[in-house]
Amino acid sequence: MNTIPEEGKLYSLPPYLWIWLIIFVVTLPFNLTFLQILLSDVFSTTPLPGEDILPFGFLLRMANFVELFPLLIIIIGVLSLAAPSIRRSYVRRKYGLTDDVQIATLLEISAFIRNYLPDVSISNNPLRGDQVAFIYPVGFRKAGMGLMGGVVKLWKSDNEGARGVLLHEIAHVRNGDTLIIGAGSGFRILFNFWPVLFVVTVVVSVIIVWLMTSYLLFTELSGLMPPGEIITYKFEQVLFLTLPSLFFMLLTSLMWVASIIFLPLAALWYSELAADCIAARYQGAPAPLVRALSLHSMPVSRWRWLLARATHPPTRLRLFILQHVSSPFIHMLLLILTFPAAMVISMLFTVLYYASFDLSVLLTNQVSLSTTAGILPRVTVITAASLFFVGISILLWPSVVKFLHGLSSDDSDLLRWKRAHLTGGIITFILAVLLMGTLLT
C-alpha cells in the first residue's frame, strides 16, 4: 500500500471498464454459444432462403456478418489485452519514444507526474509537436506515459492547461484504464471499425442483390410488357415490398449491433469524461483543461469521427460537460450513473432487436412470432442482476480507494465524493428493484 502525497490526492470514480469486462467474461459462455450458431449459419452448406434463385444470392450470407462482427471484435479486443509487452514495443516504435531526458522542462513535467504516480515509466519524444501526452501499458500492472513535444510547448505557454492534460492522463492510470484503452489498444482500434463493417457486409450486399434482381426482372418482362408498365410495377414492388423489408432488415441489424456495442462504448466514453472530471475537480476549475482541449484536440468531421474515433466522446461534448457543471456533487453523481443508465438502454436495444425481427418475419412471411415476449423476462433478470453487481461496486469503491491509496482526509471534496458514490449506489439498487418489479406486475 502506497501513500499519495498531499498534493497527489485524486479521488477516482468507479472503473466501469473493468466492471464491464467482468460482466462480459461471466456471460462469455453464452456469447460463444451464440457465436457458434452464427458461424454455422454463415458457413452452412444449406442454401439460405432465396440464395439459390437470386443473382449473387450468396451475398445475402454477408448480412449475417453484422451479427458476427460485434462479438468477434470485442472477443479479439479482449484477448489482445493479454499482450501488454507487445503493445509497449509497438507504441515506443510508432512514436519514437526514448527514455533519455535532455530538456529541463521534461524533468519538471516528470516530477509533477511522479507526485501522483511514483512508479510510472516515463518516456518522451519532444520532436513530435502534433502529440501532447498519452498512456500505454508497460506490463499488466505497470503503466507508461509518453511525453511529446506538444506538452513541452503547452507547459511553457499555459502551465495550468498542461497540468490539466497530464492530470487527465494520470486519472486514467489511477482508474486502471491503461491496459484496456491505453495507446495501441487493439480493443479500441477494432471497435472503431464497426461502422465500416456494417456498411460493407449489410448495406452494400443487399443493394447489389436488389439491383441485379431488378435488372433481370426488367430484362425478362421487357418483351411481355411496355416499359412504362414495367417501371410502374417495379416502383410499386419497391415501395410496398422491398423498402419495408429492407427497412426492417437494417433496423434489426442496427438494433443487434447496438445491443452488443452500446455498453462497452458507454464505458469507453465514461472513462474519458471521468478523467476530465477528476482533473478539473482537482484543479478547482475546468478552465485550464477546457483551454487545452480547445487548442490541442484535432478537429475532425462527423463522418471521420464516426468511422475512426467513435470510441472517444466528441470534443464538443467534453467541453460542454466541463463548462456546464452545476456543482461538483451533481457532476460526479451523473457520471457515476452513466453506466447503470447505459445498461438499461442496452437492454432496450436487445428487446428492440427481437421486436424488429418479429415484425420483419411477419411482414415477409405473414407469420406471427412471440420471440420478444419470450426473451423479455430473461433479459430483464440479467440486467437487474448486473445492476445489483454494479450498485455493490459503486458503494464499495470508496473503501477500495481508501485501502489502496491510504486516504484519510475528511476535507469537503472527499465528503462530496463519498456522498456521490453512496447516492449513486442507492439509485442503482432502486433501478434494479424496479426492473425486477416489472416481472411481477
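Coordinate-derived values only; no laboratory data. All values reported here derive from a predicted model rather than from experimental measurement. Cβ sites come from the backbone with ideal geometry, for glycine too, and all protein chains shown count toward neighbours.
Which of the trypsin sites (Lys or Arg not before Pro) across the range 128-158 are loop residues per DSSP, with 13 or fewer other Cβ within 10 Å?
Hits after loop and neighbour filter: R141.
Report the label-to-label distance for L440 and I103 in nanometres (one decimal), using points 7 Å from each Cα along the Cα→Cβ vector.
In this crude spin-label approximation the distance works out to 6.3 nm.
My understanding is that a pair violates if its Cα-Cα distance is over 28 Å; which of K142/K402; K94/K142; K94/K156; K156/K418 do that in this structure?
Among K142/K402; K94/K142; K94/K156; K156/K418, the Cα-Cα distance tops 28 Å for K156/K418.
Going by amide H atoms built from the backbone, whose H comes under 5 Å of the H on S121, apart from near neighbours?
Under 5 Å from the amide H of S121 lie the amide H atoms of A143, G144, M145, each far enough along the sequence or on another chain.
For a Förster distance of 56 Å, can you work out the FRET efficiency between the beta-carbons of L28 and N115, rounded to the nearest 0.05?
With a Förster radius of 56 Å, E is 0.90.
What nm value, rounded to one decimal, do you get for the distance between Q36 and A385 when each label is placed 7 Å out toward the C-beta?
2.0 nm
Tell me, in nm to one decimal, what length is gained between F43 and V199 on full extension, where the rule is 0.36 nm per residue of separation less the Cα-Cα distance?
54.1 nm
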